[in-house]
Amino acid sequence: MSDFIYKDGQLFAEDVSLLEIAEQYNTPCYVYSNNTIQSRYLEFDSAFASRQHLLCYAVKANSNISILNTLARLGSGFDIVSIGELLRVLEAGGDPMKVVFSGVGKREDEMKFALEQNIKCFNVESESELLKLNRVAENMGMAAPVSLRVNPDVDAKTHPYIATGLKENKFGIAFESAKVIYEQAANMSNISLTGIGCHIGSQISSLTPFQDALHRLLDLIDELKQLGIEFQHVDIGGGLGITYQNEIPPTPTEYVNAVTSIIQKRDLEVIIEPGRSIVGNAGILLTKVEYLNITPFRNFAVIDAAMNDLIRPSLYNSWHEIKCVKQNSNIKESIYDVVGPICETGDFIGKNRSLSLSEGDLLAIFSAGAYGFSMSSNYNSRPRAAEILVDGVKVHEARKREKLEDLFGGELLP
Ligand code: LLP
């Protein structure tokens, strides 16, 4: 059940009216439900039951430290892709020993800092990266824990921009080369091999690609065992989809069951790196209708949120449900393009939406908890939105709205 529901014709986040949030914190702002985040985490976690596992939440999906704190308290690990994300995890009280470091372009300073923090492992994505990491670890007199990210060449059947497990994608070590690179890694004095992993893409709505990828990894694990190379963990990445419109993705329980039934009795810790499936439907973007612009060709609802706040519709043509915060039963529905104030035709949040609107109304853009704020920018010199975390009746300002003076605070006149 959603934590964003109508009570007496008004939309609530858990036990708090979104009208009240808008009054207090203004719009646009992101509103998150702590309960959704917790229950999604716990569903994954309990589906693993007694099986050795670690859930490493993908920080990039939503990196607000209050959200990371909620997850850290539940015992979550974290999948990071930069030193910035690692600092956020530490600030939020996350355990560095439960951190895996992914990404194709890790810099030396990032490797060094992560080694100092004793992270769980580096998901190494190329031979060059492996050589660099070995050198950095040698200079520090340490052994770097490594899991190679292998590209299993499976089609995740998702938007091409977010498919990552095909051989033509930039991610991971080609399946064909993995064995040779593992042998090379096994002989490096400052590398300690701990696992193997993959991440095949995002917003995946069927189990088959995950199952195919996992079978390929297990085959490789068996081949490597013959060579005396053994692992403690297998990491199947993130990617489980959510419902934006009418997708019916597997539930976390179905997903975990599919994974554990393939791994069976193997003595391997299972790592997963979900992002969207934890926070995606835990957030809405709250925005106000500034103008209704009725033209001979189209009706536009111009809102105070824009592509700088939520870029997904512009970038992936993705669909987000849009609902009125107050149900206006006395106003006739019309078809609107819901657009922002930015000077780009691509600045839309939804097209052809049937809504009963008047100027000044509040709208909630759904499924905005993942890759919403974390992909936002200051384009058109727009301060980034506030982020509010609701927990029952409690309202926490998880991030203040950026101030106008913050926009050029770091800039210098000649
Ligand atoms: N692990 C790795 C190595 C990743 O690259 C990603 C996401 C994840 C885990 C988490 O994937 P998730 O469970 O959230 O699907 N901006 C796009 C999504 C980009 C995903 C990038 N990698 C969007 O808004 O749809």
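Would it be correct to say that residue 68 is closer than 21 Å to residue 374 by Cβ, modelled with pLDDT of 95 or more, surrounded by fewer than 16 Cβ atoms within 10 Å (Cβ to Cβ) and outside the structural domain of residue 131 (by TED's automatic domain parsing)? No, not satisfied.
Which residues, taken from segment 288-331, are in contact with a helix residue (DSSP H, G or I) (Cβ under 8 Å, 6 or more places away or on another chain) and either over 16 Å from residue 373 (Cα atoms) or outside any loop (DSSP other than H, G, I, E, B) (or both)? Of everything in segment 288-331, those that are in contact with a helix residue (DSSP H, G or I) (Cβ under 8 Å, 6 or more places away or on another chain) and either over 16 Å from residue 373 (Cα atoms) or outside any loop (DSSP other than H, G, I, E, B) (or both) turn out to be 288, 312, 315, 316, 319, 325, 326. Scanning segment 233-274 for residues that are without any contact (Cβ under 8 Å) to a residue 40 or more places away in the chain, of a type in the set (S, T, N, Q) and either on the phi > 0 side of the Ramachandran plot or surrounded by 15 or more Cβ atoms within 10 Å (Cβ to Cβ) (or both) returns a single hit, 264. Only one of the listed residues (248, 229, 221, 242) is within 11 Å of the ligand (Cβ to nearest atom), in the same structural domain as residue 122 (by TED's automatic domain parsing) and farther than 23 Å from residue 168 by Cβ. That residue is 242.
Could you check, for segment 390-409, whether at least one of its residues is under 15 Å from residue 315 (Cβ atoms), part of a loop (DSSP other than H, G, I, E, B) and open to solvent by 60 Å² or more (accessible area, probe 1.4 Å)? Within segment 390-409, not a single residue is under 15 Å from residue 315 (Cβ atoms), part of a loop (DSSP other than H, G, I, E, B) and open to solvent by 60 Å² or more (accessible area, probe 1.4 Å).
Inspection of segment 13-23 identifies at least one residue that is part of a loop (DSSP other than H, G, I, E, B), open to solvent by 50 Å² or more (accessible area, probe 1.4 Å) and in the same structural domain as residue 378 (by TED's automatic domain parsing).
Examine segment 1-20 for a residue that is over 30 Å from residue 288 (Cβ atoms), of a type in the set (Lys, Arg) and more than 15 Å from the ligand (Cβ to nearest atom), and state whether such a residue exists. Scanning segment 1-20 turns up no residue that is over 30 Å from residue 288 (Cβ atoms), of a type in the set (Lys, Arg) and more than 15 Å from the ligand (Cβ to nearest atom). Select from segment 189-204 the residues that are buried (at least 17 other Cβ atoms within 10 Å of the Cβ) and farther than 19 Å from residue 150 by Cα and write down the one among them that is nearest to the ligand (Cβ to nearest atom). Going through the qualifying residues, I end up with 203. Residue 337 fulfils the conditions (1) among the acidic types (Asp, Glu); (2) more than 25 Å from the chain's Cα centre (by Cα); (3) under 23 Å from residue 160 (Cα atoms) except for a single criterion, (3).
So if I check each of 350, 360, which one is assigned to a loop (DSSP other than H, G, I, E, B), under 23 Å from residue 382 (Cα atoms) and either of a type in the set (Lys, Arg) or assigned by TED's automatic domain parsing to the domain that holds residue 285 (or both)?
Exactly one of 350, 360 is assigned to a loop (DSSP other than H, G, I, E, B), under 23 Å from residue 382 (Cα atoms) and either of a type in the set (Lys, Arg) or assigned by TED's automatic domain parsing to the domain that holds residue 285 (or both), namely 360.
Might you check whether a residue that is touching a Gly at 6+ places or on another chain (Cβ under 7 Å) and acidic (Asp, Glu) occurs anywhere in segment 227-235? Yes, segment 227-235 contains a residue that is touching a Gly at 6+ places or on another chain (Cβ under 7 Å) and acidic (Asp, Glu).
All of 294, 322 fail the test of being within 19 Å of residue 10 (Cα to Cα), more than 16 Å from the ligand (Cβ to nearest atom) and of a type in the set (A, V, I, L, M), apart from 322.
The values are calculated or read from the model by the stated rules, or taken from the named source; none is laboratory data. Nothing here was measured: the structure is a model prediction, and the numbers come from that model. Here Cβ is always computed from backbone atoms with ideal geometry, including for glycine, and neighbour counts include all displayed protein chains. Ligands, DNA and RNA are excluded from the accessible area calculation, which covers all protein heavy atoms including side chains. Shrake-Rupley method; radii C 1.70, N 1.55, O 1.52, S 1.80 Å.
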